[in-house]
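See structure below.
The values are calculated or read from the model by the stated rules, or taken from the named source; none is laboratory data. In this text the structure is predicted, and so the values were computed from the model without any measurement. Glycine also receives a Cβ, built like all others from the backbone with ideal geometry; neighbour counts cover every protein chain displayed.
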Amino acid sequence: MVNAILPLQFCYAKYQGRDVNESIIHIISKIKKEENTVVRNFKTYGLVVASAQESQALLQLYNEYCTQNKCLQCVIGTSLLR
């Protein structure tokens, strides 16, 4: 749902000229968090993940910073290195 239905809903609404950002954020904040290796690894460092919105954010951070060795450009990475 997070990676298929909500993006389609967003694109369709944008195509129609409607703003559905708040409703999509509300929906994703109510969806159960993902359980995968990346989220579990962040949890071992004390991050609390409560919803799919937060687990998707962590996955994005992981893909943009962790996998590209940009630890010093990431707030989480710099705090862990201290």
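Within the stretch 26-59, being within 23 Å of Gln9 (Cβ to Cβ) and small (Gly, Ala, Ser) holds for Ser29, Ala50, Ser51, Ala52, Ser55, Ala57. Among the numbered criteria (1) modelled with pLDDT of 90 or more; (2) touching a Phe, Trp or Tyr at 6+ places or on another chain (Cβ under 7 Å), which one does Leu80 miss? All conditions pass for Leu80, except number (1).
For the stretch 1-20, the candidate set comprises residues that are polar (S, T, N, Q) and either surrounded by 11 or more Cβ atoms within 10 Å (Cβ to Cβ) or not in a helix (DSSP H, G or I) (or both); within that set, the residue that is modelled with the lowest pLDDT is Asn3. The residue that is nearest to Thr67 (Cα to Cα), among those in the stretch 21-35 that are surrounded by 15 or more Cβ atoms within 10 Å (Cβ to Cβ) and of a type outside the set (Lys, Arg), is Glu34. Residues in the stretch 44-68 that are farther than 25 Å from Ala4 by Cβ and modelled with pLDDT under 95: Thr44, Tyr45, Gly46, Leu47, Val48.
Kindly indicate the residue of the stretch 41-62 that is β-branched (Val, Ile, Thr) and exposed (fewer than 10 other Cβ atoms within 10 Å of the Cβ) and also farthest from the chain's Cα centre (by Cα) among those meeting that condition. Within the stretch 41-62, the match that is farthest from the chain's Cα centre (by Cα) is Thr44. The single condition from (1) surrounded by fewer than 15 Cβ atoms within 10 Å (Cβ to Cβ); (2) touching a Phe, Trp or Tyr at 6+ places or on another chain (Cβ under 8 Å) that Val38 fails is (1).
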